[in-house]
Each structure stands twice: as C-alpha cells, then as structure tokens.
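Notes follow the structure.
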Amino acid sequence: EPEVTQTPSHQVTQMGQEVILRCVPISNHLYFYWYRQILGQKVEFLVSFYNNEISEKSEIFDDQFSVERPDGSNFTLKIRSTKLEDSAMYFCASRRLAADTGELFFGEGSRLTVL
Amino acid sequence: QKEVEQNSGPLSVPEGAIASLNCTYSDRGSQSFFWYRQYSGKSPELIMFIYSNGDKEDGRFTAQLNKASQYVSLLIRDSQPSDSATYLCAVNLWGGATNKLIFGTGTLLAVQP
C-alpha cells in the first residue's frame, strides 16, 4: 500500500540552527501539507502546497519556515533558525485530488527537539 | 476562526461497552468530517469519514453527522483495550486549492479490560 514517508524520524538540534525535514508523498498525489503537533496539543495546520507553490499558510508559518518540492518527489520543510518552541512532531500529508472526500494520508512524523 | 471542539477526556469505558465520542464545529461551510485515531507518539490514522447527514457504519465504528446542529460523533461498539488512543475529529472545507483539515484537540479513550 502506498504511503507517505518522512525523514528523519527524530532530529535533535541546537537553537538557532537550520533544519530540513523531508517527505516523500504518495506518487499520484497532488496536494501536500505540513502539520505540526506540540507534545500534548492538537495537530495544527502549517502550510499547503499545490502546483509547485504555497496555496495557504497559517500564522505559525512565518518567515523562518519555507517549503519546496525540489525534484518532483521530495517535499521539504525548512526551519531557518530554530527556536525552543519549534520542538514538536512534524507531519507531512498528501491527498490525491481536491474534489474527493478530502482524506489526508499522513506520514509517520519527524520529531524535532530543539535544545 | 474556524474551530473544532472535543472533550479532551479521558473517557473511560469497560471492555465490550460502547464508547461515544463527540465533536462540534463552528464553520457551517464545513463539508466533510473525519475521525482519526492517534496512538501516543504516532501519526493520525484515518478511521472513517462522513459528509452526509445521518449515520455511516464501518464494522464496529459508526459516525453520525448532524449539520444543522454542527455536530459529529463516533460510536465504537464492543470496545477493546486496543482501541485505547486519542480520537481526533477533523473537518474540511471544500473549495479552493487548500482543502486543509482542521483538527480538534482529541478525546483520549481508555478501554478498561
């Protein structure tokens, strides 16, 4: 069964460092998302990406964040200068079409720990 | 601000009982509704979705939707200890290129053997 894959599963970094989280969405999916979940809190929308551009971003997704799809398969989330409060689980998700039931398929997540 | 509200729980039920999980949402434009299960430290896993008023059954799970009341629920029959997890309600607005899901905080279900 096709799945969304994410790497790394866990990354520990120092405050102020740049991190890149990688995702490989399901191959025939067209819409891509990043969500995050701070420990004990809800799953929060960060950004959606379609047709090689951001279609929507949340208030959380400030100038420190960026996304790109460099090679038609990987979908990356970059945090330029990490802060302690960026510590969270980051989930990549994808969906096939816009006009379907809207089911998102989630990857297993990348846990980011900022020290 | 579009909100999805859930009781955080924990909801404790004995094994074999029916667990009832509830969710309300604020945006009347919401078109489809999802229940995800999330085990601790894991990613959300889709249980079922519903977009028409009424009931939808899938095995031991039944989703119920009442758009007039902006209410969606999930019933789990014959609850098992393996059902112990956090259940996330999510809603989706159709239209545009985003179609993002908005999640509630989740309800922690504990099924007691």
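The values are calculated or read from the model by the stated rules, or taken from the named source; none is laboratory data. Since the structure is predicted, the reported quantities are computational estimates derived from the model, not experimental observations. As a convention, Cβ positions derive from the backbone with ideal geometry for all residues, glycine included, and neighbour counts pool all protein chains shown.
Considering only residues of the stretch A:61-85 that are within 20 Å of A:LEU115 (Cα to Cα) and in contact with a Phe, Trp or Tyr (Cβ under 9 Å, 6 or more places away or on another chain), which is farthest from the other protein chains (Cβ to nearest Cβ)?
A:ARG80
What pairs come up if the first residue lies in the stretch B:8-22 and is over 9 Å from B:ILE76 (Cβ atoms), the second is charged (D, E, K, R), and their beta carbons are under 6 Å apart, counting only those six or more places apart or on different chains?
B:GLY16/B:ASP78
How do the pairs read when you match residues in the stretch A:30-44 that are surrounded by 24 or more Cβ atoms within 10 Å (Cβ to Cβ) and of a type in the set (Gly, Ala, Ser) with residues anywhere that are assigned to a strand (DSSP E or B) and modelled with pLDDT under 95, using Cβ under 7 Å and keeping only pairs 6 or more apart or on different chains?
Note: no pairs meet the criteria.
Can you find a residue in the stretch B:67-79 that is in contact with a helix residue (DSSP H, G or I) (Cβ under 9 Å, 6 or more places away or on another chain) and buried (at least 21 other Cβ atoms within 10 Å of the Cβ)?
Taking every residue of the stretch B:67-79 in turn, at least one turns out to be in contact with a helix residue (DSSP H, G or I) (Cβ under 9 Å, 6 or more places away or on another chain) and buried (at least 21 other Cβ atoms within 10 Å of the Cβ).
Which residue out of A:SER73, A:SER58, A:SER87, A:SER66 is farther than 25 Å from B:GLU45 by Cα, touching a residue at least 12 places away in the same chain (Cβ under 8 Å), surrounded by fewer than 19 Cβ atoms within 10 Å (Cβ to Cβ) and among the hydroxyl-bearing types (Ser, Thr, Tyr)?
It is A:SER66.
Across the stretch B:39-55, which residue is farthest from the other protein chains (Cβ to nearest Cβ) among those that are small (Gly, Ala, Ser) and over 26 Å from A:TYR35 (Cα atoms)?
Filtering first and then ranking leaves B:GLY54.
Among the residues of the stretch A:31-46, count how many are more than 9 Å from chain B (Cβ to nearest Cβ) and within 15 Å of the chain's Cα centre (by Cα).
So the answer is 5.
Taking interchain pairs and intrachain pairs at least six residues apart, which have beta carbon atoms under 9 angstrom, with the first residue in the stretch B:27-38 and at the interface with chain A (Cβ under 8 Å from one of its Cβ atoms) and over 16 Å from A:LYS42 (Cβ atoms) and the second hydrophobic (A, V, I, L, M, F, W, C) and in a loop (DSSP other than H, G, I, E, B)?
Pairs found: B:GLN31/B:TRP94; B:SER32/B:TRP94.
Any idea which of (1) small (Gly, Ala, Ser); (2) in contact with a Ser or Thr (Cβ under 8 Å, 6 or more places away or on another chain); (3) surrounded by 13 or more Cβ atoms within 10 Å (Cβ to Cβ) is the one B:GLY16 doesn't satisfy?
Evaluating B:GLY16 over (1) small (Gly, Ala, Ser); (2) in contact with a Ser or Thr (Cβ under 8 Å, 6 or more places away or on another chain); (3) surrounded by 13 or more Cβ atoms within 10 Å (Cβ to Cβ) leaves (3) as the failure.
Tell me which residues, restricted to the stretch B:56-113, are away from chain A (no Cβ under 11 Å) and of a type in the set (Ser, Thr, Tyr).
B:THR62, B:SER69, B:TYR71, B:SER73, B:SER79, B:SER82, B:SER84, B:TYR87, B:THR107
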